[in-house]
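First comes the structure, then the notes that go with it.
Throughout, read-outs are computed from the coordinates displayed, never taken from laboratory work. Please read all numbers here as calculations on a predicted model, not as lab measurements. We place every Cβ from the backbone using ideal geometry, glycine too, and count neighbours over all the protein chains shown.
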Amino acid sequence: MTGIDLLSDKAIKAALRRAQVSSKPVGVNDGGGLTLEAQPTGVGWWRLRYWVAGKASRLSVGTYPDTSLAQARRKREEARKLLASGSDPSEAKKAEKAEAMARAGFAKLVAAGKPLPGSFEFVANEWLDKVHRAKVSEGHAERTQVRLKQDVFPWIGSRPIGEVEAPELLKLLRRVEGRGAIETTHRVKYVCGQVFRYGIATGDCSRNPAADLRDALRPVQTRHHAALVDPYEVAKLLKDMDGYSGSAITKAALTLSALLLLRPGELRHMEWAWLNLEGSVLTVPSEAMKRTRTDKLSGPPHVVPLPRQAVTVFETLKPLTGTGRFVFPALTTSQRCMSENTVRSALRRLGYGNEDMTAHGFRATARTMIAERLGFMPEIIEAQLAHVVGDSLGRAYNRTQYLQQRREMMQAWADYVDQLRSGAWATPIGSRRKAHPNTGGQGDSHTSRKGPAQRNDPASVLPRREASK
């Protein structure tokens, strides 16, 4: 039989009955490559046979009676048009099915409140999980995620990342800048830039619009932690600390803040297991240091030589907190370390505001005075402050810890602190220089080479070490 549109519904039903009686499939032809395979189950499968580049192929176009004869014929005509345009109907059907599945998947994501693939939020979350968390500490990663959720996602999170342009990004950054959070604005811009760079690598976008905003934001006005560096003012602070009438544990924390050059977080998280009082050494584990995730996992611990004065403070503390984990436990429970506000509050109680002195400022005080008054090399001081070398190659080859030199420096610093606290000198440097114009700054170790009897101010307790190694 030749021709097209050869079947009728009556002929199809007859074929289905024959299939049921014989319990075997029965095929009937409608022409133009369209056939119906009648099954014993009473259902017929529509099949379309066609040729592409001389090769025969078959395409399923539905089942009868769900797909009627008229619908099957329309699908045959659509397939013939695709063939005439050079397309393969099977490939077109696969693409259509994939698109339908994608639409269904997108609908589910939208219903669940999740970002769509290719959107800024989707790419940002992928970058957070696959790149950022592997490089930084968990706390750092959480802060980055909060910034994105609060200041970025509500505005461009649902936008295809490849369509976000510099003016749109600047608009959301202006919102952050408008609330006075200038430093946060620059941090958000930096994070967005990292997301765009990741998107370029994954093929989700082709450029980084954050790079176009280099000079479009208000500059950050750098504010260092408040710290006292004048010997007269430091001497007064130390005497005030010595008279602190609050908790003995808090007073010990104040004292050690001045002596050990630790970051406030390292001090308050200190555990008794880190201390070797007989050896006069504090060993801060790498994971407790301010480092990248990689350095926390593989970096060396930070070894802190303890001067005699610090050992004495720890021995005084041991009866109070030595049975627990933390050297400085919280006031309400021994299961946590003291609050980050404890030392700050103690300073406020002594009359020192945020603009005068901070817990972190003790590091700056020591850093400045050890260099200017005691004359130790910057490399030794930086090693004690646990400041890392600027690049990974430098860190790999520069592993000098200056342990012996730091031991000498820490004892010299503690002795100098004692001299300041003792009040042997209570006149500001400027006043003494005015009173002794012909002495070249009498008592100042930088300029005076007088005998020990004349070195009676805290700026000259120890001679300057011009070549400490």
Loop-only check: which trypsin sites (Lys or Arg not before Pro) in region 172-272 are DSSP coil with at most 10 other Cβ within 10 angstrom? R179, R214, R223
Point-charge dipole on Cβ atoms (K/R +1, D/E -1) for region 9-107, about Cα centre, debye to 20: 260 debye
Can you tell me how much longer the chain between T202 and A11 gets when fully stretched, taken as 0.36 nm per residue apart minus their C-alpha distance, in nm with one decimal? 63.2 nm
Global geometry of region 120-213, whether rounded, prolate or oblate, following the gyration tensor of its Cα atoms and the 1.5 cut on a/c: oblate
Over all Cα pairs of region 9-107, how is the pair count split among 5 Å bins, expressed in % and running from 0 up to the last occupied bin? 3, 13, 21, 19, 16, 13, 10, 5, 1, 0
Taking the beta-carbon count within 10 Å as an exposure proxy, list E408, E99 from fewest neighbours to most. E99, E408
Specify which residue in the list Q194, A124, A141 is farthest towards the positive end of the charge dipole of region 120-213, using unit charges on the beta carbon of Lys, Arg (+1) and Asp, Glu (-1), about the Cα centre. A141
Among V152, P209, G178, whose Cα projects farthest towards the positive end of the dipole of region 120-213, with charges put on the beta-carbon of Lys, Arg (+1) and Asp, Glu (-1)? G178
